[in-house]
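Step one of this worksheet: look at the structure below.
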Amino acid sequence: MIRRFIYGNPFSTEAVVTEVPLGEGTPAYGCIDTEQGFCFSYIMEENDIVYGLGEANRGVNKRGYCYISDCTDDPNHTEDKRSLYGAHNLIVVAGAKTFGLFFDYPSAMTFDIGYTRMDTLQVSCDEANLNLFVIDGDSAYDIVRQFRKIIGRSYIPPKYAFGFGQSRWGYKTKEDFRKVADGYRNHSLPLDMVYMDIDYMQDFKDFTLNEKNFSDFPEFVQEMKDRHIRLIPIIDAGVKVEDGYDVYEEGVKNRYFCQREDGSDFVAAVWPGDTHFPDVLNDDARRWFGDKYQILTDQGIEGFWNDMNEPAIFYTPEGISELKTLLKSFLENEDSAGGMTAGALACDKKPGEDDGTAEGAQDDMAAGASIWPLMGKIGSLANSKEDYRSFYHNVNGQRVRHDKVHNLFGYYMTRAAGEAFERIDPDKRFLMFSRSSYIGMHRYGGIWMGDNKSWWSHILLNLKMLPSLNMCGFLYTGADLGGFGADATRDLLLRWLALGVFTPLMRDHAAQGTREQECFQFEDIEDFRHVLHVRYRLIPYLYSEYMKAALKDDLYFKPLAFVYPEDAMALQVEDQMMLGDEIMIAPVYTQNAKGRYVYLPEEMKFVKFLPDGTISEELLGQGHHYVEIALNEVPLFIRNGKCIPVAEAAEYVDALDTRHMTMLGYEGAEYELYEDDGVSKDYEKKENYRTLKY
Ligand code: GLC
């Protein structure tokens, strides 16, 4: 049962799409204080678990830290970070009392889950203007499924999007893309997509192509398609300010960009230099921006990734002018003190302790020059709160300051694309995933987990985020395999791919300047071929489970606790996940490990895909086990009494033969396979299901 409680005058986010009855009085759990902003508090019992928050740091059980829903472009996902790119305000408390809460509030919101006091859960925000949905249910899993029903069906990608994709920031020319295609095809490494990062554009202008490098683009798109490879270009949020650039000029003319208080178009510097942000919260502007995707679909493009849509700001002219003031007074002080001042060294303020404003700094200067305000300003130029407070949306006639709806930008940018695809070709699925998101965006696209690093700990972070994202509706998701920042190693990439085998989005992506990490860059390529083969062999099963999860508003990845709620040990396991109804995954995420410990809540078949193409199966009883898993093996566990289909490997999704598959698992079991044409939207047809017997 779900009830909605309305506080103040909430902004309509359209995260929830079904009518939910209003609750009477106050919610049955915790207490709510609206004296100063909004604050929900609840005293947790010692064994209560708190699930949810989608794309967030740390564990599956969110207890023990403080998280802030405040979409942020931060490429350093260290353990101390409180905000990542998404804002997914669902939490489920499971324990003494079990209930779910969705705080539908589009500005910054703090989830203190046992951080200030270990037993206290506090959810707070500055303004008491929100919809609170309170969900009662039999279990955490039941609550999550009820929640999923009210937010609408998750995005369904085309089937080819379950293939493997290669990406790198730095591919610039047709030759660069051909080299990637050759690297995969010539080594018989499966591949379905190559991603085009910002360098394909002319001067980083959205919906343009570099004139020198991409003449005859439709022919090039077709050349790749003839090799069964789709090109997937990036689209950034900021539109370059440049006379003569039609998207810029149309946006200015029609007032489709976000504006400053004085009505001028807000300027933020991102990759192209100065940009304007399309006002995607405005219906007309959203439609206009969405229609631009057709410039590329008309040339044969069938999928995109939306980026920098927190929206990320490197700096603004206002920020730079404050910096100049600070620098000027610092230098003047330096000169008058004749070099390094005592104040600069014996400073009592460190970066972050100062508000970074010119006035604050000038006070400091008077008391003796200090470098910290200046350093603080440099550090806070990007994604500054002040900048987010200085521009406005025109929400269909109503002026709304950006910071009040900050967390919706990525959602509405992706919605712009999703709505446009419906107009461009209503019967066709397009690939779409975004970096920033809010619940509601899950209907229009997936997400990737942003700029992670080539660190072993990020394999585990990737794994732990998966079920939480699914709870919030984001099913099509995955991380940059091999890590985006820092240099990947062969073993790290192999282990990470062995997790990526199971994530719907399976993409190797890396930052410019890092070590090249395409699968053909390392020795003994056959090991990479083998791991990718396992992915393709499992696609019929993975796709089937994805589709069932999407069509039934269910989870593709679940914590063990959702399947074995009575098992005290299963409640604690966070480095193994249930996938679909049949399998459990337990990837290796430790450097130099030759295997790992696993906990089996019931008897299971331990399956290993071996490098020679054969498959080993071993029956393991309930309990703890140490299992050996070599660097070139892919493990999975099949639940007692279940079976899954396995196809022969193929080099691209369309080449998979799903008529001749073998079964794996328990003999006598049956599996209901979902299969469709992978492109159209006729999901509910009975013929899409068939029973396979082992
Ligand atoms: C951002 C994206 C990353 C991309 C880069 C250049 O950092 O998160 O994936 O490669 O921008 O476009």
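So here's what we get for this one:
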| read-out | value |
| --- | --- |
| Rounded FRET efficiency, nearest 0.05, which uses the C-beta distance separating V395 from I295 and R0 of 22 Å | 0.25 |
| Low-density loop positions, GluC sites (Glu not before Pro), region 191-240 - DSSP coil, at most 16 other Cβ in 10 Å | E211 |
| Proxy reagent accessibility, fewest Cβ within 10 Å first, across C519, C31, C125, C472 | C31, C125, C519, C472 |
| GluC sites (Glu not before Pro) lying in DSSP loop within region 519-576, provided at most 16 other Cβ fall within 10 Å | E523, E566 |
| Nonlocal amide H pairs with G152, under 5 Å, H built at 1.01 Å | V17 |
| Y597, Y248 arranged by Cβ crowding within 10 Å, fewest neighbours leading | Y597, Y248 |
| Dipole of the chain, positive end: most advanced residue of F433, A237, F637 [Cβ charges, Cα centre] | F637 |
| Proximal lysines relative to K212, as straight alpha-carbon distance under 20 Å, when same-chain residues fewer than 8 apart are discounted | K172, K174, K179, K240 |
| For R435, R148, R58, order by how many other beta-carbon atoms lie within 10 Å, fewest first | R58, R148, R435 |
| Degrees, to the nearest 10: 217-226 long Cα axis against longest axis of the chain | 20 |
| Gyration tensor verdict on region 1-147 (Cα atoms; rounded if a/c is under 1.5, prolate if a/b is larger than b/c, oblate otherwise) | rounded |
| Equivalent ellipsoid dimensions for region 402-505 as semi-axes, Å, which come from the Cα gyration tensor, largest first | 28, 16, 12 |
| Full-stretch length increase - E242, T173 - with 0.36 nm per residue and alpha-carbon distance subtracted | 22.5 nm |
| Nonlocal amide H pairs with M506, under 5 Å, H built at 1.01 Å | G165 |
| Local electrostatic count, F217, Cβ distance below 13 Å [Lys/Arg +1, Asp/Glu -1] | -2 |
| log10 of Debye I(q)/I(0), alpha-carbon scatterers only, for the chain at 0.05, 0.09, 0.11 Å⁻¹ | -0.24, -0.80, -1.19 |
| Relative contact order (%) - region 185-263, alpha-carbon pairs under 8 angstrom, separation at least six | 30 |
| Residue (of F204, C258, M413) at the positive-pole extreme of the chain, dipole from beta-carbon charges | M413 |
| The chain, relative contact order in percent, only Cα pairs under 8 angstrom and at least six apart counted | 14 |
| 15 Å reach of a label modelled at E617, 7 Å along Cα-to-Cβ, counting backbone N of region 656-683 | 661-671 |
| Cα gyration tensor shape of region 33-99, rounded if a/c is under 1.5, else prolate or oblate by comparing a/b with b/c | oblate |
| Linear extension gain, T26 paired with T590, 0.36 nm per residue minus alpha-carbon span | 198.3 nm |
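Bear in mind these aren't lab numbers, they're just calculated from the coordinates by the rules spelled out. This structure is a prediction, so every number in the text was calculated from the model and none was measured. We place every Cβ from the backbone using ideal geometry, glycine too, and count neighbours over all the protein chains shown.
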